[in-house]
Amino acid sequence: MTATALTADPALVIAAARSWLGTPYHDQASLRGVGCDCLGLARGVWREVIGPEPFPIPPYSRDWGETGPREVLAYGARAMMPEIAAVDAPPGALVLFRMMPRAIAKHVGILTSLDTFLHAYERLGVIEEAMTPAWRRRVAFAFLFPAR
């Protein structure tokens with residue numbers, strides 16, 4: 001079985017993610033058109049492309065400077081998604097960003113091309129923007145959505 005047979009069609013992932021464009025930002029929410037945060041966007045794409053979420057998401061801190069010994073988002077993603085090297089992340093991949101040096105990865109986006117990604121950002125909601133060098137250097141982990 002090939003790796004592509006084990007992962008979701010990137011075009012479906014990207015289409016699902018783009019259907020969230022314009023959704024307002026709302027901390028810890030995941031309702032397309034109503035409100036979501038970055039993890040809520042990823043959860044909504046998961047539900048559309050894969051199906052029901054495999055486990056409930058506990059409340060989490062909004063602190064992008066949070067430090068600690070455990071990469072909570074990466075640990076959770078590893079339990080459900082194939083991990084790939086961040087430098088090899090193709091369109092349709094879920095990427096986790098480390099927003100501050102020495103902090104744990106706390107921001108989530110979905111690549112829509114090698115040079116663009118979608119994410120939910122406070123005050124802006126769900127947007128698609130360029131993967132600038134500033135964003136690219138913050139990518140700490142990358143994962144592929146599994147096949148249904």
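The values are calculated or read from the model by the stated rules, or taken from the named source; none is laboratory data. The model shown is predicted, which means the values in this text are computed figures rather than measured ones. For neighbour counting, all protein chains shown are included, and Cβ atoms are generated from backbone atoms with ideal geometry for every residue, glycine included.
Things to note:
- Residue in segment 26-45 that is farther than 21 Å from residue 122 by Cβ and under 13 Å from the mean Cα position of the chain (by Cα) present: no
- Subset of segment 1-42 (residues that are acidic (Asp, Glu) and either within 15 Å of residue 118 (Cβ to Cβ) or assigned to a helix (DSSP H, G or I) (or both)): 37
- Check on residue 81, of a type outside the set (Lys, Arg), touching a Phe, Trp or Tyr at 6+ places or on another chain (Cβ under 6 Å), outside any strand (DSSP E or B) and within 21 Å of residue 13 (Cβ to Cβ): yes
- Single match in 30, 19 (criterion: among the hydroxyl-bearing types (Ser, Thr, Tyr), under 20 Å from residue 111 (Cβ atoms) and surrounded by fewer than 18 Cβ atoms within 10 Å (Cβ to Cβ)): 19
- Residues in segment 118-148 that are among the aromatic types (Phe, Trp, Tyr) and within 15 Å of residue 37 (Cα to Cα): 121 only.
- Residue tally, condition outside any loop (DSSP other than H, G, I, E, B), closer than 13 Å to residue 146 by Cα and aliphatic (A, V, I, L, M), over segment 43-77: 3
- Pair list, Cβ under 9 Å, 6 or more apart: segment 89-108 residue crowded, with 23+ Cβ neighbours inside 10 Å and assigned to a loop (DSSP other than H, G, I, E, B), other residue of a type in the set (Phe, Trp, Tyr) and at pLDDT below 95: 106/60; 106/64
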